[in-house]
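Please read the structure below before turning to the comments.
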Amino acid sequence: NNANCETLGTETRTCELCFITETRAIEGVAPGHIYDEKGFCAGCGIYNVLEPTLVKIDGVWNYFENGVKTDATTVVKYKGTWYYVKDGIKNTATTLCKYKGTWYYISKGKIDFKATTVVKYKDTWYYVKNGKKNTDTTLCKYNGTWYYINKGKIDFKATTLCKYDGKYYYVKKGKVDFKATTLCKYNSKYY
């Protein structure tokens with residue numbers, strides 16, 4: 001086994017008569033990492049970064065953990081901002097991303113901690129409140145239309161009433177209908 005920056009190499013021999021194998025360390029001292037001006041060690045191919053971070057290589061922001069480029073899909077804090085990483089590359093998508101058990105709203109590649117909106121993720125529209133996926137039953141305005149949120153998702157099949165900001169609103173097929181004049185059954189009663 002060849003030496004690397006942190007460990008000495010070993011050499012092994014096997015007796016051709018009895019097949020006993022012996023292994024010993026090659027004498028010397030592991031040289032340690034020698035980093036260039038960008039923090040890259042040519043000896044072993046890692047970057048001088050221990051914490052998860054972004055490193056720009058040839059114009060592309062790559063995600064690194066323990067000095068090694070990974071193909072993870074996650075979020076990472078870099079210089080005070082939380083960025084979205086998809087398949088190991090900084091990405092500018094608008095989506096949801098799970099990080100340490102919490103789903104965060106990603107807007108144009110960054111966590112938006114102030115957002116209250118809906119976002120489509122894998123064919124389902126989810127409700128986001130204060131930058132996190134939320135399971136409330138409420139109304140949410142998106143692109144000029146008010147949608148009915150049932151347990152954190154837009155319910156396009158719902159025809160019901162929904163209390164929002166102290167008032168009840170009529171919902172038809174998942175959207176608030178401000179012009180409707182009709183009866184609506186809600187909690188076993190008609191209104």
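What tally of residues in the range 179-191 results from selecting those that are assigned to a loop (DSSP other than H, G, I, E, B), loosely packed, with under 11 Cβ neighbours inside 10 Å and among the hydroxyl-bearing types (Ser, Thr, Tyr)?
Qualifying residue count, the range 179-191: 3.
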- Cβ-Cβ under 6 Å pairs, at least 6 apart or on other chains, the range 9-24 side outside any strand (DSSP E or B), far side surrounded by 10 or more Cβ atoms within 10 Å (Cβ to Cβ) and not aliphatic (A, V, I, L, M): Gly9/Asn1
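Any idea how many residues of the range 15-41 are loosely packed, with under 11 Cβ neighbours inside 10 Å and at negative phi?
Total meeting the criteria: 14.
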- Working carefully through the options Cys97, Cys162, Cys140, find the one that is farther than 30 Å from Asp58 by Cα, open to solvent by less than 90 Å² (accessible area, probe 1.4 Å), out of contact with any Leu (no Cβ under 6 Å at 6 or more places or on another chain) and hydrophobic (A, V, I, L, M, F, W, C). Cys140
- State all residues of the range 152-178 that are outside any strand (DSSP E or B) and on the phi < 0 side of the Ramachandran plot; if no residue qualifies, say none. Asp155, Phe156, Lys157, Ala158, Asp177, Phe178
- Task: Residues being of a type outside the set (S, T, N, Q) and either touching a helix residue (DSSP H, G or I) at 6+ places or on another chain (Cβ under 8 Å) or free of Cβ contacts under 8 Å to residues at least 12 places away in the same chain (or both): count how many of those fall in the range 136-177.
- Result: 7
- Val85 is checked against (1) out of contact with any Ser or Thr (no Cβ under 6 Å at 6 or more places or on another chain); (2) among the β-branched types (Val, Ile, Thr); (3) not in a loop (DSSP other than H, G, I, E, B) and fails just one. What number does that condition carry? (1)
- Task: From Gly59, Gly45, grab the single residue that is over 30 Å from Thr135 (Cβ atoms) and open to solvent by less than 50 Å² (accessible area, probe 1.4 Å).
- Result: Gly45
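The values are calculated or read from the model by the stated rules, or taken from the named source; none is laboratory data. Owing to the predicted nature of the structure, the values given are computational and were not obtained by experimental measurement. Ideal geometry is used to build each Cβ from the backbone, glycine not excepted, and the neighbour counts take in all protein chains shown. Surface areas here come from the heavy atoms of the whole protein model, side chains and all, with no ligands, DNA or RNA. Shrake-Rupley method; radii C 1.70, N 1.55, O 1.52, S 1.80 Å.
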